[in-house]
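Written below as structure tokens is the structure these notes are about.
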Amino acid sequence: MESPQVSAVIPVYNGEAYLGAAIESVLGQSLPAAEIIVADDGSTDRSLDVARSYGDLVKVLAHDHAGICATLNRAVDKARGPLLAFLDADDLWTPRKLETQVAVLGSSAPPDMVFGLSQNFREDGTDEPAVPGICKGTQLMARDLWLDVGRLDETLVIGEFMDWFARALERGLAFLTIDEVLLRRRIHGSNSGIRLAAQRSQYALVAKRALDRRRQAAATLAEP
């Protein structure tokens with residue numbers, strides 16, 4: 001595979017404090033992205049100003065506040081690279097993230113999706129142990145395959161990637177998690193997982209939907 005070919009999508013909602021660092025981590029990749037899309041979800045802070053300060057290096061998409069799923073769906077619709085990668089506005093990619101994963105997808109027997117390790121870090125410099133990261137921030141895959149699985153469910157506030165990934169596995173997509181830290185996840189008081197704690201019941205809803213689909217598929221196969 002030749003470069004550049006990756007559309008790097010950064011969704012942001014009131015993330016001015018960290019957005020610049022996220023963009024810089026994409027600009028600093030050893031294998032450059034074909035495009036960097038900052039998708040602003042109706043921020044009321046200076047997030048748009050930060051994104052626009054990079055000029056032609058960043059494509060800015062802005063719309064009224066509609067939630068993470070709608071924001072990502074619109075960005076994927078506008079993406080032009082054959083490969084798709086996501087980065088939350090408060091996280092960082094490690095410098096060889098794209099180079100490493102593009103090489104895997106260009107191998108003789110590539111998986112459909114490539115993930116890597118994720119490592120949490122705090123503002124005081126404390127790092128947590130790296131763990132396998134089955135999440136948007138470590139993923140790289142073909143945009144066409146992402147769209148084949150389907151758009152993110154815009155009725156969900158959290159758990160949207162868990163829902164999408166379950167559907168991908170149900171379609172038979174294969175994935176590989178490489179043993180290298182690709183994502184640095186910033187832990188701070190306004191992480192979406194903390195802000196949306198009251199809505200964690202949606203994780204149970206996502207799990208139930210996946211179970212219901214498996215049962216329906218099994219019932220269909222059992223029909224004479």
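The values are calculated or read from the model by the stated rules, or taken from the named source; none is laboratory data. Here the structure is a predicted model, which is why all the values come from computation and not from measurement. So basically every Cβ, Gly included, is an ideal-geometry build from the backbone, and we count neighbours across all protein chains shown. Remember, those area values only see protein heavy atoms, side chains included, never the ligands or the DNA or RNA. Shrake-Rupley method; radii C 1.70, N 1.55, O 1.52, S 1.80 Å.
In this structure the amide hydrogen of Q139, modeled in the peptide plane, comes within under 5 Å of the amide hydrogens of F86, none closer than 5 places in sequence on its chain. Taking GluC sites (Glu not before Pro) as exposed when DSSP calls them loop and at most 13 other C-beta atoms lie within 10 angstrom, the chain has its longest site-free stretch at 3-122.
Apolar share of the accessible surface for segment 58-98: 53 percent from carbon plus sulfur atoms, 1.4 Å probe.
For the chain, modelled as a GNM whose springs connect Cα atoms under 10 angstrom apart, the maximal fluctuation among G116, G67, G106 occurs at G106.
Assuming R0 = 25 Å, can you tell me the calculated FRET efficiency for the pair S107 and E24, based on Cβ-Cβ distance, to the nearest 0.05?
Details: r = 29 Å, r/R0 = 1.16.
Calculated transfer efficiency: 0.30.
Separation of segment 53-85 from segment 134-170 is 16 Å, based on Cα centroids.
Ignoring everything except DSSP H segments at least 4 long, calculate the 222 nm mean residue ellipticity for the chain; use -39,500 (n - 2.57) per segment, divide by total residues, nearest 500.
On the way: 8 runs with 82 residues, N = 224.
Calculated from helices alone, the mean residue ellipticity at 222 nm is -11000 deg cm²/dmol.
In this rough spin-label picture, where each label sits 7 Å from Cα along the Cβ direction, the D77-D124 distance is 4.5 nm. Among the trypsin sites (Lys or Arg not before Pro) in segment 27-70, those located in a DSSP loop and surrounded by at most 16 other Cβ atoms within 10 Å of their own Cβ are R46.
Heavy atoms of the protein chains alone define the surface here; on that basis the chain has 49 Å² accessible area per residue at 1.4 Å probe size.
Potential lengthening of the chain between V60 and D144 amounts to 28.0 nm, from the contour at 0.36 nm per residue minus the alpha-carbon distance. The residue among F165, G106, V9 whose Cα reaches farthest toward the positive pole of the charge dipole of the chain, with charges on the beta-carbon of Lys, Arg, Asp and Glu, is F165. Rounded, prolate or oblate: which one fits segment 2-52, using the alpha carbon gyration tensor with axes a ≥ b ≥ c (rounded when a/c is under 1.5, else prolate when a/b beats b/c, else oblate)? It comes out prolate by the Cα gyration axes.
Would you work out if segment 14-166 is rounded, prolate or oblate? Take a ≥ b ≥ c from the square roots of the eigenvalues of the alpha-carbon gyration tensor; rounded if a/c is under 1.5, else prolate when a/b is larger than b/c, oblate otherwise. It is rounded, given that a/c, with a ≥ b ≥ c, falls under 1.5.
Under unit Cβ charges (Lys, Arg +1; Asp, Glu -1), what dipole magnitude, rounded to 20 debye, does segment 31-127 have relative to its Cα centre?
Numbers: 9 positive and 16 negative charges, 82 e Å.
In total the dipole reaches around 400 debye.
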